[in-house]
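The values are calculated or read from the model by the stated rules, or taken from the named source; none is laboratory data. Note that this is a predicted model, so its numbers are computed, not measured. Glycine also receives a Cβ, built like all others from the backbone with ideal geometry; neighbour counts cover every protein chain displayed. Just so you know, the surface numbers come from the protein's heavy atoms only, side chains and all, with ligands and any DNA or RNA stripped out. Shrake-Rupley method; radii C 1.70, N 1.55, O 1.52, S 1.80 Å.
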Amino acid sequence: MEEEMAATALPLDVVQLMPGLSGLQANVAAGSDTAYTSTCLQDILAFQNLRQLELAFADSQELATPDVRSLAGHTQGEQMRAVLAAKSNELQEFKLQFNCCGTGVEKALVSLGEVRRKLTGLQWSYAKLSGPSSVNLLASCTNLRSLKLRLWYQDYNLTPFDFNLLDLSQLAQLRTLVFDKRPPFQQQLPAQQSAISMPITTGMLTKLSRCWPHLEKLQLGLARSDFGHAAPLEGLAGFSQLRSLSLKHCALDGIGLEDVITAPGELRSLQLVEVVGLSPRDIALMPCLASLLRLTLIAAKEDAWLGLAPLRLLSKLPELRHLDWVVSERALPARSKATDLQALLQFGKLQVITLHTVLGKCETLHAL
């Protein structure tokens, strides 16, 4: 959808009527009041052939007022919902993004009313959950094909609760699921501000693989405690359509990547961030990922055995465009040889590479 709509990503306040326009991406500017937003949304009705719509709200007040109880009688809010409801019946793709820090999931979904059941995509860059009711509202968006939820600091007075992924099992059309408990620029969320846990078990993932048969992209950026002491990742083997897998802060616990990836030849993206327990057998599997376009490995401190030697194996990946290989500083330069870095010359299609900063002074790398 992003590629098809890139040429028509126009600001709502300068949109000119284009009778044949079928896709539109638009940002609703931060600081605009509800009346202004409603006027802009009215312009959407003029596009008779519009089939793909993606709106990004940069201000948490655009669709959700501070007091949700007052929204039901809010004239402008009702008008906004009416506009979206009228157009949503014609749309094949209908996505909303909330990019403001601390946007409440419950407030946003309640304010949308029944429109939320027609959404195909939802994304929060810095979300706040108010409890199990937020999860229930997400589950009511039964037409979702993409759900991306990145959590912001939660309220101190929030009663701790478990986010059970099985509560979203009725999202049968889901193709993309991203759940990240840390802001992009913050490595760790303080315990007192992370009142939400997401326990992951093998049985849960096995059941969800049947509930989400079309899932193609899965990103789980959780705390290590969410994965417990068992080997829950084995349940990922049931997702036969998976093409992109990203795991953070978990452990393989006696299993290997071959137990997690059932169709290695079909995987397009694999990102492993501080995944404990990688073994030489897992590294040996990576050249079998023949369709891989992106590979990210940010090694956990426990895996200090990893160095640059695997680059020689990875150079056999024929389609690789993006490589992040950041191993423990303790493995550099003791476990590095000039021949390891020279393997970079064998990557025929590589466009982006990320290595540890300690290599910035490496003469061999500079020569390459």
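If ILE298, ILE196 are ordered by their accessible area, calculated over protein heavy atoms with a 1.4 Å probe, which sequence runs from highest to lowest? Kindly include the intermediate steps, with their values, before the conclusion.
On the way: ILE298 65, ILE196 5 Å².
Heavy-atom accessible area, descending, gives ILE298, ILE196.
Tell me, what ³J(HN,Hα) does each residue in the range 207-218 have, in order and in whole Hz, if you take phi through Karplus 6.51 cos²θ - 1.76 cosθ + 1.60 with θ = phi - 60° and put x for Gly and Pro?
Per residue, the Karplus-derived 3J(HN,Hα) values read 5, 5, 5, 7, 6, 10, x, 9, 4, 10, 10, 9 Hz.
Using the Cα gyration tensor of the range 305-355, with a ≥ b ≥ c the square roots of its eigenvalues, what is the shape: rounded (a/c below 1.5), prolate (a/b larger than b/c) or oblate (neither)? Display every interim value, and only then the final one.
On the way: a/c = 2.37, a/b = 1.71, b/c = 1.39.
Prolate, because a/c is 1.5 or more and a/b exceeds b/c.
Report for the range 189-334 the percent antiparallel among DSSP-assigned beta bridges with both residues inside it, nearest 5. Spell out each step's value before the answer.
Values: 0 of 21 bridges.
Antiparallel: roughly 0 percent of the beta bridges in the range 189-334.
Could you tell me the accessible area of PHE161 in Å² (1.4 Å probe, neighbours in place), rounded to the nearest ten?
PHE161 exposes around 20 Å² with every protein chain in place.
Tell me, in nm to one decimal, what length is gained between ALA172 and THR354 on full extension, where the rule is 0.36 nm per residue of separation less the Cα-Cα distance?
Numbers: separation 182, 0.36 × 182 = 65.52 nm, distance 3.64 nm.
Here the answer is 61.9 nm.
I'd like the accessible area for GLU266, computed on protein heavy atoms only with a 1.4 Å probe and all protein chains in place. Round to 10 Å², please.
Rounded to the nearest 10, that gives 80 Å².
Which order do you get for THR120, THR262 if you rank them by accessible area with a 1.4 Å probe, largest at the top?
On the way: THR120 5, THR262 75 Å².
From most accessible down to least: THR262, THR120.
From the Cα gyration tensor of the range 235-368, with a ≥ b ≥ c the square roots of its eigenvalues, which class applies: rounded if a/c is under 1.5, or else prolate if a/b is larger than b/c, or else oblate? Each step should come with its number before you reach the end.
Working: a/c = 2.17, a/b = 1.39, b/c = 1.56.
Oblate is the answer for the range 235-368, as a/c is 1.5 or above yet b/c matches or exceeds a/b.
For THR142 and HIS214 in one chain, what is 0.36 nm times their gap in residues minus the Cα-Cα distance, to one decimal in nm? Present the calculation step by step, with values, prior to reporting the outcome.
On the way: separation 72, 0.36 × 72 = 25.92 nm, distance 1.41 nm.
The THR142-HIS214 span can extend by a further 24.5 nm.
Using the alpha-carbon centroid of each, what span in Å lies between the range 96-110 and the range 340-359?
When both Cα centres are located, 39 Å separates them.
Suppose each label sits 7 Å from its Cα in the direction of the beta carbon; what would the LEU285-PHE161 distance come out to in nanometres?
For LEU285 paired with PHE161, the spin-label model returns 3.6 nm.
Over the range 198-348, what percent of the accessible surface lies on carbon and sulfur atoms, probe 1.4 Å? Walk me through the numbers before you get to the answer.
Working: 3320 of 6210 Å².
On the range 198-348, the fraction of accessible area on carbon and sulfur atoms equals 53 percent.
Under a 1.4 Å probe, what is the accessible area of the range 206-253 per residue, stated in Å²?
On the way: 1870 Å² over 48 residues.
It amounts to 39 Å² per residue over the range 206-253.
Put a dot 7 Å past each Cα toward the Cβ at ALA85 and GLU114; how far apart are the dots in nm?
Here the modelled spin labels are 0.6 nm apart.
How much accessible surface does TRP152 have with a 1.4 Å probe, in Å² rounded to 10?
Looks like 50 Å² after rounding.
Which entries of LYS248/LYS301; LYS107/LYS248; LYS118/LYS207; LYS95/LYS148; LYS95/LYS248 have Cα-Cα distances beyond 19 Å here?
Details: LYS248/LYS301 13 Å; LYS107/LYS248 29 Å; LYS118/LYS207 25 Å; LYS95/LYS148 11 Å; LYS95/LYS248 26 Å.
With Cα atoms farther than 19 Å apart: LYS107/LYS248; LYS118/LYS207; LYS95/LYS248.
Can you sort VAL110, VAL276, VAL135 by solvent-accessible area, 1.4 Å probe, largest first? If you can, show how the numbers build up before the last one.
Values: VAL110 55, VAL276 30, VAL135 5 Å².
Most to least solvent-accessible, the answer reads VAL110, VAL276, VAL135.
Ordered by residue, what ³J(HN,Hα) values in Hz, to whole numbers, does the range 250-262 give under the Karplus form 6.51 cos²θ - 1.76 cosθ + 1.60, where θ = phi - 60° and Gly and Pro are x?
10, 9, 6, 6, x, 10, x, 4, 5, 7, 9, 9, 8
Assuming R0 = 30 Å, can you tell me the calculated FRET efficiency for the pair GLN346 and ALA263, based on Cβ-Cβ distance, to the nearest 0.05?
Details: r = 26 Å, r/R0 = 0.86.
The value I calculate is 0.70.
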